[in-house]
Amino acid sequence: MRSQYSGPPPERGLFCNRTLNMRAIKAVGYDMDYTLIHYRVEAWERRAYEYIRDRLVEQGWPVADLTFDPMLAIRGLIIDTAKGNLLKANRFGFVKKALHGSKPMDFDAQREAYNRTIIDLADRRWVFLNTLFSLSEACIYAQLVDRLDAGQLPGPMGYVDLYEHVRKNLDATHMQGRLKAEIIADPERYVIDDPETPLALLDQKSAGKKLLLITNSEWAYTEPMMHFAFDKHLPDGMTWRQLFDVVIVSARKPEFFTTRSTLFEVVEANGEALLRPHSGPLNRSKPYFGGSALELERHLGLSGDEILYVGDHMFGDVHVTKNVLRWRTALILRELEDEVRAIAAFRATEIRIHWGLLTRAGNDKSHLARQVERYADIYTSRVSNFLFATPFVYLRSPRGSLPHDPSLPGGTPVFTTGDGAGSVPTE
Ligand code: IMP
Ligand code: MG
């Protein structure tokens, strides 16, 4: 629900699942990638895709001709690693749309494969596309399934083995420094500038909130990227480092939220970042590496519901944080801007051509929508939307509706938008 603050466009609202009084929030933790810094998805994912593909070519796979297809997957889909399929499921886990490899499955094949299936993401068979970083992985996996079916990949190999192989190569792509070095060398090409994001954080800081940066990115990437995205928009002489009370890189979320691991201080010497084990209070002028949320809570002297964590990764940023620590959570969902505009214009089928809306599946909520509802107290398209409200805003959730509520026409499924008004088109 949009609250009593002045005039954001509807697609830039702060949408509320569970009432959140920002006055009670003493610290706001931020994820970096796709949260404080938004990338040009097509450029970033294309490059990541090309790195994975080229690694496979080096391993002798005949895939040099494959190219990234940004329309093949959207966030919130589910990979069925047992069958080599890409699925869209509704909130109950029933499959509503399916591709085998990159080809749509016909009605009978889909029914045959899934009419007795309820997807449970706790089972390793299913891989949920949690973030925009997942699109390169889904795209190349789907295309490789086509090649595997055509007998063009080294064998014997099953769909699960193929997935594991893609995953391993994607991890290596993100870890080995070459892709990141390219991004650092040409940030304009990959980053969508948002001058208001640093201002939103400045506003929260001025209101007395502690700001935390908790990112899985390493220091060598975090520092230049934050410098690029933030420093030019801050008041003269101020740098991004002065905004934050605590900076933690290589945090290893979600483990950061669930287990204790050693905390290191990042020591910069001769252009190199070295790690020194750390104990005792945290120093705001130093970046840290690793550690755990429990240790951070102790350092801040704050407990779960006084901390809001803002991130884009459905599992690593909001699900675990909510389930384990009971922190308040905000999900950044950039696609919401297109989605809300499409809903308003009743042109659900025009966007993302074959998958339809992110938050709908058939005439029901999608699996992604269900997770947003469960784990994100609030959700919004970008961090700078906080500027439309005061840092003390009281965000009130809409009254939940049930099918028997008298306001709903009998028997006809009607979806309410965040502010309780109107129906939206189904797919
Ligand atoms: P955060 O969103 O700021 O926590 O950081 C995300 C970091 O995780 C970035 O440095 C990404 O390169 C990295 N990353 C994203 N997806 C993967 C993956 O699938 N494997 C390994 N690293 C990843
Ligand atoms: Mg992120």
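The values are calculated or read from the model by the stated rules, or taken from the named source; none is laboratory data. Since the model is a prediction, treat every value here as computed from it, not as a measurement. We place every Cβ from the backbone using ideal geometry, glycine too, and count neighbours over all the protein chains shown.
Can you find even one residue in the stretch 58-67 that is within 17 Å of the chain's Cα centre (by Cα) and farther than 27 Å from Pro398 by Cβ?
Applying the first criterion (within 17 Å of the chain's Cα centre (by Cα)) to the stretch 58-67 yields none.
No.
Name the single residue, out of those in the stretch 1-57 being modelled with pLDDT of 95 or more and among the polar types (S, T, N, Q), that is nearest to ligand 1 (Cβ to nearest atom).
If we take residues in the stretch 1-57 being modelled with pLDDT of 95 or more and among the polar types (S, T, N, Q), then Thr35 is nearest to ligand 1 (Cβ to nearest atom).
Which members of the stretch 289-326 meet the condition of being assigned to a loop (DSSP other than H, G, I, E, B), away from ligand 2 (no atom under 16 Å from the Cβ), within 20 Å of Gln204 (Cβ to Cβ) and in contact (Cβ under 8 Å) with a residue 24 or more places away in the chain?
Leu302
Can Thr81 be described as crowded, with 20+ Cβ neighbours inside 10 Å and among the polar types (S, T, N, Q)?
Criteria met by Thr81.
Among Arg374, Arg334, which is within 16 Å of ligand 1 (Cβ to nearest atom), surrounded by fewer than 24 Cβ atoms within 10 Å (Cβ to Cβ), among the basic types (Lys, Arg) and at pLDDT 95 or above?
Within the list Arg374, Arg334, the selection yields Arg334.
What single numbered condition from (1) at pLDDT 95 or above; (2) surrounded by fewer than 20 Cβ atoms within 10 Å (Cβ to Cβ); (3) away from ligand 1 (no atom under 16 Å from the Cβ) fails to hold for Gly304?
(1)
Based on what the data block shows, is Asp65 without any contact (Cβ under 8 Å) to a residue 24 or more places away in the chain, away from ligand 1 (no atom under 16 Å from the Cβ) and either more than 26 Å from Arg124 (Cβ to Cβ) or surrounded by 18 or more Cβ atoms within 10 Å (Cβ to Cβ) (or both)? If you could, list the steps in order and put the result at the bottom.
Details: without any contact (Cβ under 8 Å) to a residue 24 or more places away in the chain: yes; away from ligand 1 (no atom under 16 Å from the Cβ): yes; either more than 26 Å from Arg124 (Cβ to Cβ) or surrounded by 18 or more Cβ atoms within 10 Å (Cβ to Cβ) (or both): yes.
Yes: the conditions hold for Asp65.
Can you tell me how many residues within the stretch 221-270 are of a type in the set (Gly, Ala, Ser) and surrounded by fewer than 17 Cβ atoms within 10 Å (Cβ to Cβ)?
3
Please state which of the following conditions Gly280 fails to meet, knowing it meets all the rest: (1) away from ligand 1 (no atom under 16 Å from the Cβ); (2) outside any loop (DSSP other than H, G, I, E, B).
Tallying (1) away from ligand 1 (no atom under 16 Å from the Cβ); (2) outside any loop (DSSP other than H, G, I, E, B), Gly280 fails exactly one: (2).
Restricting to the stretch 151-206, give me the number of residues that are within 16 Å of ligand 2 (Cβ to nearest atom), under 14 Å from Arg55 (Cβ atoms) and surrounded by 14 or more Cβ atoms within 10 Å (Cβ to Cβ).
Count: 3.
Residues that are more than 24 Å from Arg12 (Cβ to Cβ) and of a type outside the set (Val, Ile, Thr), at least 3 per element: which helices (runs of 4 or more DSSP H) completely within the stretch 188-275 meet that?
So the answer is 219-230, 255-258.
What do you reckon, is Ser102 within 16 Å of ligand 2 (Cβ to nearest atom) and not basic (Lys, Arg)?
Answer is no for this residue.
Scan the stretch 235-291 for residues that are at positive phi and modelled with pLDDT under 95 and jot them down.
Answer for the stretch 235-291, where residues must be at positive phi and modelled with pLDDT under 95: Gly237, Asn270, Gly271, Gly280.
Restricting the first residue to the stretch 1-13 and requiring it to be within 20 Å of Ile343 (Cα to Cα), which pairs with a second residue that is at pLDDT below 50 meet a Cβ separation below 6 Å and a spacing of at least six or different chains?
Hits for this filter: Met1/Gly418; Met1/Asp419; Arg2/Asp419; Gly13/Arg2.
Answer yes if at least one residue in the stretch 30-50 is hydrophobic (A, V, I, L, M, F, W, C) and over 25 Å from Thr380 (Cβ atoms), and no otherwise.
yes
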